[in-house]
1. Does at least one position in segment 148-158 carry a residue that is more than 16 Å from residue 190 (Cβ to Cβ), in contact with a strand residue (DSSP E or B) (Cβ under 9 Å, 6 or more places away or on another chain), in contact (Cβ under 8 Å) with a residue 60 or more places away in the chain and surrounded by 12 or more Cβ atoms within 10 Å (Cβ to Cβ)?
2. From the list 176, 227, exactly one residue is surrounded by fewer than 19 Cβ atoms within 10 Å (Cβ to Cβ), at pLDDT 90 or above and not in a helix (DSSP H, G or I). Which is it?
3. Residues of segment 75-105 being surrounded by fewer than 17 Cβ atoms within 10 Å (Cβ to Cβ), within 12 Å of the chain's Cα centre (by Cα) and on the phi < 0 side of the Ramachandran plot, which ones?
4. Any residue at all in segment 179-191 that is in a loop (DSSP other than H, G, I, E, B), modelled with pLDDT under 95, out of contact with any strand residue (DSSP E or B) (no Cβ under 9 Å at 6 or more places or on another chain) and more than 23 Å from residue 211 (Cα to Cα)?
5. List the helices (runs of 4 or more DSSP H) inside segment 1-112, counting only whole elements, that have at least 3 residues being farther than 30 Å from residue 175 by Cα and free of Cβ contacts under 8 Å to residues at least 40 places away in the same chain.
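The values are calculated or read from the model by the stated rules, or taken from the named source; none is laboratory data. Being a predicted model, the structure only gives us computed values, none of them experimental. Quick reminder, even Gly has a Cβ in these numbers, built from the backbone with ideal geometry, and neighbours come from all protein chains shown.
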C-alpha cells in the first residue's frame with residue numbers, strides 16, 4: 001500500500017507463468033527426462049525470461065514510460081514458477097484504448113493462425129464445471145473460484161467495482177470458438193492477454209487493466225503472499241512424528257513442541273526440491289527444538 005500512497009493505483013497487473021515447452025528447456029533435457037527433473041534449469045531460464053520481460057516493459061516502454069514496478073515469484077505446487085507484476089505508468093492508459101492492449105477473445109484463425117494456436121495452448125481456462133471437468137482444482141463448493149465462464153460483452157466496460165469487463169463477443173456476433181478436449185469453447189473462457197507479449201514470450205501471460213484501487217483487493221495478496229511450508233523429520237527408515245497442534249503452536253509464537261518421539265535438529269528452508277542427487281535446500285536455517293517445559297505456578 002506504500003506504493004499506492006506515493007504513486008496512486010497501478011495501471012497493469014501481469015501474471016507471467018513459466019512454459020515448460022520453451023525450446024530453451026526442451027533442448028537441454030536428456031533422453032527420457034522431463035522438465036520436472038530439472039528444477040535448476042527451470043529456475044534459471046524463467047529468471048532470464050522474467051528479466052527480459054521487465055526490461056521489455058520498462059526500457060522498451062511498450063505501454064509508455066514506467067514510473068515504477070514491483071513483482072514477486074511464486075512456485076506453484078506443480079513445480080512451475082510464475083511472477084506477479086504490478087506496473088505504474090507515467091501516463092495513465094485511456095480506457096478507450098484497452099482493446100488495443102488487452103484481448104479476451106479467440107483470434108481469427110484465418111488472419112493470425114500463430115496467435116490462435118498460442119491462445120488455445122495457454123490462455124483458455126478449463127473448461128470446468130457442469131458438462132466439462134467434474135473434478136477441477138479451481139472449483140470450491142461446485143463454483144469456479146476464477147469466476148469462469150465470464151459473461152458475453154459487446155464492448156469493454158471499466159465502470160463498476162474495479163474489475164474491467166473485457167469485450168467477449170458471442171459466436172453469432174463475430175466471436176470465434178475453439179475445440180478443446182472435445183468441447184466447444186467460446187470467448188467466455190478466454191483469460192485476458194496481451195497479443196504483443198504472447199507473440200514474444202510464448203507463455204501464459206495474463207494481463208489485467210487496473211481501473212481503480214479496488215482492484216488491489218484482488219492483487220495485493222499475490223505479490224506479498226507467503227510461501228507454503230511443511231514440517232518433516234526423517235532419519236533413514238524411521239520417522240519422527242509431531243502432534244498436529246505443533247504446527248499451530250509454531251505460527252502462534254510458541255517456542256516448544258510436544259513430540260511423540262525424540263526431536264532431532266531440522267532445517268527451516270524456503271524451498272525443498274527432491275532430485276536424483278538428493279535434496280536442494282535454499283536459505284536453510286538449522287533449528288534445534290526443545291520439549292515444552294511446564295512452568296511452576
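1. Scanning segment 148-158 turns up at least one residue that is more than 16 Å from residue 190 (Cβ to Cβ), in contact with a strand residue (DSSP E or B) (Cβ under 9 Å, 6 or more places away or on another chain), in contact (Cβ under 8 Å) with a residue 60 or more places away in the chain and surrounded by 12 or more Cβ atoms within 10 Å (Cβ to Cβ).
2. On the way: 227 fails: at pLDDT 90 or above.
The unique qualifying residue is 176.
3. Result: 76, 77, 78.
4. Checked against the condition, which is being in a loop (DSSP other than H, G, I, E, B), modelled with pLDDT under 95, out of contact with any strand residue (DSSP E or B) (no Cβ under 9 Å at 6 or more places or on another chain) and more than 23 Å from residue 211 (Cα to Cα), segment 179-191 yields at least one hit.
5. Values: elements: 2-7, 23-26, 39-58, 98-101.
In segment 1-112, the matching helices (runs of 4 or more DSSP H) lie at 2-7, 23-26, 39-58.
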